[in-house]
Structure formats: structure tokens, C-alpha cells
Amino acid sequence: MTRIVLIDDHKLFREGVKRILDFESSFEVVAEGDDGSAALDLIETHNPDIVLMDINMPSMNGVEATAEITQRYPNLKVIILSIHDDENYVTHALKTGAQGYLLKEMDSDALIEAIKVVGNGGSYLHPKVTHNLVAEYRRLSDTSSNEAFRTIEYRKPLHLLTRRECEVLQLLADGQSNRGVAESLFISEKTVKNHVSNILQKMNVNDRTQAVVTAIKNGWVEVI
């Protein structure tokens, strides 16, 4: 059972997230609060495994609270909820110790998947966030003095992945969710999940974010 503390100052949104989590038998929302200060008190009382927390809140915001939480409880995992997909918000949250960053436009499947991935020791970024970070990574690399990076030629990793898995990897780098990949390739979401699992295993990475970053570094995907 994954014990979750849910922190958001908008009660209606919080109630909606809790309803989604209540449908997952392996999740338990043990407490709710409306700002970072409340999060610290609730963690002390309820000893959760994961904190789902809004980034913009009064009194103490999500980034400030994450920094405090990771310092006090290094084994506790934090997933940020946000309306902002700007890379500055994302990198700031990750630098303070968050293991996940989700946009509030996410669907229920993405929320559940994120909690499971982070709970198992991985990291999870919303697909749109991943795409923005990858684009920024490429921009900075292109303007740097790293000639080796700029001369990397795009090539599919057919020595490692099947052609279908290469297509899935490219779509992940494009910022597609599992549903988006399924619609693009005319396959089921279950099949997409199987492909993603195979990709992670073959690339020896923990999550899709690491897979995309590794693919970018090796020139295995095209980034626009």
C-alpha cells in the first residue's frame, strides 16, 4: 500500500484527485492539506510514502516545502502538481528534490502511472514537460562549444531496439503520452506500455525521462 499525502490549496481540485486515487486499491490518501506548512505537519503525523503537492500555494509554496521535506525526510518522495510547463519551474522543482512533475491537465492514467513509477524509485515528468526540457537541452547544446555533440548524426538504435520500439521512443521524445503514442501508431495503450517496458529494460534505464535523455545524447531520436 502506497500512503499518500495530498497538498493543494484548491479544495475542488484536491477532491477530484482524491477520487481518482481512491479507485486504485494499492493507494491510500492518508491526509490532505492546503499549503507547504501543513504538508510538513501531516508528514510528521502520518508518515506517508509520497507527497503530491501543488507548486503555487500561500504561506509556503511547493518548491519551498519540497526543499524542506527532502532535507528532513530524504527517503520521502515528492511529486509536484503544476499548471506551469516552463522549464524554469521544472528544473527548480527537480533541483530541490522532487522526483516527479505533473501538469494539472494530466489524465488519470498518467497520475496513477507517475505515482507507481516514483514509488518504485524512478522519476516521472509529464510528457509535455519532457519535450520542453529536451528542446531546451538541444538548444543549449547547439549554442555551446561542444563540437562532439553537434556532430552526432541521427540514427535509429536498431542494434538495440526493434523498429516499432524506435517509433515509440521517438514519440516519447516528441512529448507524447501513452495515449498519444497509441493514437499515432494505431495500437492499444496496453501495447504501448509493453513497448515502453521493453525499451526501458533494453536501454537499462529506470523511466521514460531517462530513456529520452539517453536517446538524445546518443542521437537516436530527432528533436525539433
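For region 73-137, the solvent-accessible area of protein heavy atoms averages 42 Å² per residue (probe radius 1.4 Å; ligands and nucleic acids excluded).
Counting protein heavy atoms only, the chain has 48 percent of its accessible area on carbon and sulfur, 1.4 angstrom probe.
Separation of region 150-218 from region 13-84 is 30 Å, based on Cα centroids. Computed over the alpha-carbon pairs of the chain, the distance histogram in 5 Å steps reads 1, 7, 14, 18, 18, 15, 11, 8, 5, 2, 0 percent, short to long. Averaged over its residues, region 1-55 has an accessible area of 48 Å² per residue, based on protein heavy atoms and a 1.4 Å probe.
A crude spin-label estimate for the pair Glu105 and Lys190, with each label 7 Å from Cα along the Cβ direction, gives 3.0 nm. For region 7-49, what does the alpha-carbon gyration tensor say about shape, rounded, prolate or oblate, given a ≥ b ≥ c as the root eigenvalues, a/c under 1.5 as rounded, and a/b over b/c as prolate? Taking the square roots of the gyration eigenvalues as a ≥ b ≥ c, region 7-49 is oblate.
Within the listed set Asp174, Asp34, Asp109, the Gaussian network model of the chain (springs between alpha-carbon atoms below 10 Å) gives the highest mean-square fluctuation for Asp109.
In debye to the nearest 20, how big a dipole does the chain give about its Cα centre with +1 on each Lys and Arg Cβ and -1 on each Asp and Glu Cβ?
Values: 24 positive and 33 negative charges, 204 e Å.
It works out to roughly 980 debye.
Restricting the calculation to alpha carbons of region 153-224 gives Rg and Dmax of 11.0, 32 angstrom.
For the chain, the residue among Gly97, Val221, Met57 whose Cα projects farthest onto the positive side of the dipole built from Cβ charges is Val221.
As I understand it, the dipole of the chain uses +1 on the Cβ of Lys and Arg and -1 on the Cβ of Asp and Glu, about the Cα centre. Which of Phe27, Gly119, Phe13 lies farthest toward its positive end? Highest projection toward the positive end goes to Gly119. Once whole DSSP H runs in the chain are found, which of them have Cα atoms spread over 24 Å or more along the helix axis and a mean Kyte-Doolittle score of at least 1.0? Helices passing the filter in the chain: none found.
The GluC sites (Glu not before Pro) of region 1-94 that meet both conditions, a loop assignment by DSSP and at most 16 other Cβ atoms within 10 Å of the site Cβ, are Glu24. Shape analysis of region 19-94 based on the Cα gyration tensor places the equivalent ellipsoid semi-axes at 20, 16, 12 Å, largest first.
The values are calculated or read from the model by the stated rules, or taken from the named source; none is laboratory data. Just so it is clear, the structure is predicted and the values come from calculations on it, not from any experiment. In this analysis, Cβ positions are derived from the backbone assuming ideal geometry, glycine residues included, and neighbour counts consider all displayed protein chains. These accessible areas exclude ligands, DNA and RNA; they are computed on the full protein's heavy atoms, side chains included. Shrake-Rupley method; radii C 1.70, N 1.55, O 1.52, S 1.80 Å.
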